[in-house]
1. Which members of the range 32-55 meet the condition of being more than 16 Å from V77 (Cβ to Cβ) and not polar (S, T, N, Q)?
2. Just need a number here: residues in the range 46-71 that are farther than 12 Å from V35 by Cα and either in contact with a strand residue (DSSP E or B) (Cβ under 7 Å, 6 or more places away or on another chain) or of a type in the set (V, I, T) (or both).
3. Of the residues L45, L54, only one is part of a helix (DSSP H, G or I), aliphatic (A, V, I, L, M) and more than 17 Å from R18 (Cα to Cα); which?
4. Of everything in the range 71-93, what is assigned to a loop (DSSP other than H, G, I, E, B) and surrounded by 11 or more Cβ atoms within 10 Å (Cβ to Cβ)? Give them in sequence order.
5. Does at least one position in the range 21-34 carry a residue that is acidic (D, E) and either in a loop (DSSP other than H, G, I, E, B) or surrounded by 13 or more Cβ atoms within 10 Å (Cβ to Cβ) (or both)?
Amino acid sequence: MAREATPKKKTPEEMKDRSIEQLILDQADGKYGLVPLASTWALVLRRREEFRHLTQPEILDLALRQVLSGEIGEEQVKAHADEIAAQTAAETGLGDSLKDKKKF
């Protein structure tokens, strides 16, 4: 009996040369779950100083590439998303108002 060859896992460097469409099509599972993940990662990147010069489509392209290539994992995105949510709440003053609502 011949064994089926398991596909070789591609490195992030090899994935960078491929188009976004091909990266999405090559995903075995969770294609639709990657969209909100990439969107959240784009928000994280937008807040970083080194990416402020990029346009919104460029940031989204970068975020999609990093998420689809596996360069950035789901846990990393969620950890940074929690930090951003806390910062946003502190900046807008929602953190205090949410605490006040919990008292009642």
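1. First pass over the range 32-55, keeping only residues more than 16 Å from V77 (Cβ to Cβ): 49-50, 52-55.
The answer is E49, E50, R52, H53, L54.
2. Of the residues in the range 46-71, 2 are farther than 12 Å from V35 by Cα and either in contact with a strand residue (DSSP E or B) (Cβ under 7 Å, 6 or more places away or on another chain) or of a type in the set (V, I, T) (or both).
3. Values: L54 fails: part of a helix (DSSP H, G or I).
Going through L45, L54 in turn, the sole match is L45.
4. Step one: list which residues in the range 71-93 are assigned to a loop (DSSP other than H, G, I, E, B), which gives 71-73, 93.
Answer for the range 71-93, where residues must be assigned to a loop (DSSP other than H, G, I, E, B) and surrounded by 11 or more Cβ atoms within 10 Å (Cβ to Cβ): E71, I72, G73.
5. Within the range 21-34, the first condition is being acidic (D, E), and the residues that meet it are 21, 26, 29.
From what is left, the residues that are either in a loop (DSSP other than H, G, I, E, B) or surrounded by 13 or more Cβ atoms within 10 Å (Cβ to Cβ) (or both) are 26, 29.
Yes, that holds for at least one residue.
Any read-out appearing in this document is the output of simple, stated calculations on the displayed coordinates, not a laboratory observation. Just so we're clear, the structure is a prediction, and the values are computed from it rather than from any experiment. Heads up, the Cβs are rebuilt from the backbone with ideal geometry, glycines too, and the neighbour counts pull from every protein chain shown.
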